[in-house]
Amino acid sequence: MRVNHLAAGILTLAVAGYPAISSLESHAAAATARPFRTPASFPIPGPQSGDQQQQVPESSQTLKVQTNLVNVFVTARDKKNSVLTDLKQEDFKIYEDGVEQKVAFFSKDMNLPITLAILIDTSGSMQNILGAEQDAASRFVRTVMRNKDEALVISFDFDVNLLADFTEDPVVLDRGIHRATISAVSSGGVVTPGTVPQGQNGGTDLYDAVYLACHDELASEAGRKAVIVLSDAEDTGSKVSLKESIEAAQRSDAVIHFLRLSDEPFYFHLGMSYSGAQVARQMADETGGREVEVRSEKNLEGAFAIISEELRSQYVLGYYPSNTNHDGTFRKVKVDVSRPDTKVLARRGYYAPVR
């Protein structure tokens, strides 16, 4: 079990002069008090992506061991939208900032361990569908999780709550998922002590939730990492911006898969415009994930099935960048497949390390 905690993100924001954005509670044994990581400067610390550095102390000196391999997880589909599972290394070409790179590692192992962060929107606009969300999410966890996989559960409305910390146990995750409740503020109730409401009707801290999940939880994890968001993608109260939340995902090498629970009438009734479709698509596109629109409870199972297929049908391409500068810049990555009429889903880039 991990020792890092979302509260570190709260401290980071508070140190920078922002009010705390979460009222984390000890919901379960998995979320009991643990040591906090030292807060860093807000909004985002040094790169976590691509190259990783390990520091091994030796007497009074520090030895830095660097590995430069960049891993890219790829899903390929044909023109009928069926997943392709028979591609070979020679079928792929990978480019960084337009320069072709030599593929040094290739695998089509569909059972690589994965670390998941499941984010559930509990703002007022989700009131009519939350129960169906929870049931579908629980079935998804039982279906997709395999040996050595881990997941956590976070809910968000006018604050961000850790409902289940990293665990391999689907039962613990199920309890966390069903612990999610619609916020009192955005559904017409009162503000509870310790919370920070945003706006007249409360708020939906989507960007904060994604930022905290990626920056504080997933950044220190290795291997495949994915964020599953269930929301209408309408943010009304976050401290961080959409760009900062996406950058946190890119720095942590996490892919965002978005199940967009479309509820335009809710916002029209409040006299508000709805921009969730664009937000959800941008989050997914810029991190290499999938955005699936869910218009009814009946579509939820199919949406989860699509995400499950994405997670379990990935090739792994690894390369050593020809650009060896440790300058902290964002490197654009593109993957091409030689087979005609093939659609590729992969990360758009990564942040180079800084010496």
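The values are calculated or read from the model by the stated rules, or taken from the named source; none is laboratory data. What you are looking at is a predicted structure, and each value in this text was computed from that prediction instead of being measured. So basically every Cβ, Gly included, is an ideal-geometry build from the backbone, and we count neighbours across all protein chains shown. Surface accessibility is based on the protein's heavy atoms, side chains included, excluding ligands, DNA and RNA. Shrake-Rupley method; radii C 1.70, N 1.55, O 1.52, S 1.80 Å.
Quick notes on this structure:
- Failed condition for residue 338, given (1) open to solvent by 20 Å² or more (accessible area, probe 1.4 Å); (2) at pLDDT below 95: (2)
- Residue 48 meets the stated requirement of being modelled with pLDDT under 50 and closer than 19 Å to residue 252 by Cβ.
- Only a single item in (1) in contact with an Asp or Glu (Cβ under 6 Å, 6 or more places away or on another chain); (2) open to solvent by 80 Å² or more (accessible area, probe 1.4 Å); (3) of a type outside the set (A, V, I, L, M) is not met by residue 355, and it is number (1).
- Criterion (touching a Lys or Arg at 6+ places or on another chain (Cβ under 9 Å) and β-branched (Val, Ile, Thr)) met by exactly one of 240, 255, 210: 255
- Within the range 282-328, restricting attention to residues that are free of Cβ contacts under 8 Å to residues at least 12 places away in the same chain and in a helix (DSSP H, G or I), the residue that is nearest to residue 90 (Cα to Cα) is 305.
- Scanning the range 90-108 for residues that are in contact with a Ser or Thr (Cβ under 9 Å, 6 or more places away or on another chain) and outside any loop (DSSP other than H, G, I, E, B) turns up 90, 91, 92, 93, 96, 99, 100, 101.
- Residue 284 being open to solvent by less than 10 Å² (accessible area, probe 1.4 Å), over 23 Å from residue 146 (Cβ atoms) and modelled with pLDDT of 95 or more: yes
- Subset of the range 116-136 [open to solvent by 10 Å² or more (accessible area, probe 1.4 Å), of a type outside the set (A, V, I, L, M) and either modelled with pLDDT of 90 or more or closer than 15 Å to residue 179 by Cα (or both)]: 127, 131, 134, 135
- Among the residues of the range 76-90, those identified as closer than 21 Å to residue 299 by Cβ and either of a type in the set (Gly, Ala, Ser) or surrounded by 17 or more Cβ atoms within 10 Å (Cβ to Cβ) (or both) are 77, 82.
- Where strands (runs of 3 or more DSSP E) sit wholly within the range 137-243, those with at least 1 residues that are closer than 22 Å to residue 260 by Cα, more than 14 Å from the chain's Cα centre (by Cα) and modelled with pLDDT of 95 or more occupy 160-167.
- Within the range 91-107, the set of residues being open to solvent by 20 Å² or more (accessible area, probe 1.4 Å) and either touching a residue at least 12 places away in the same chain (Cβ under 8 Å) or of a type in the set (A, V, I, L, M, F, W, C) (or both) comprises 91, 93, 95, 97, 98, 99, 102, 103, 104, 105, 106, 107.
- Qualifying residue in the range 90-106 (condition: among the hydroxyl-bearing types (Ser, Thr, Tyr) and over 30 Å from residue 315 (Cα atoms)): no
- Some residue of the range 347-354 being β-branched (Val, Ile, Thr) and touching a strand residue (DSSP E or B) at 6+ places or on another chain (Cβ under 6 Å): no
Okay, residues lined up against (1) among the polar types (S, T, N, Q); (2) touching a strand residue (DSSP E or B) at 6+ places or on another chain (Cβ under 7 Å):
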| position | (1), (2) |
| --- | --- |
| 68 | yes, no |
| 73 | no, yes |
| 81 | yes, no |
| 90 | no, no |
| 98 | no, no |
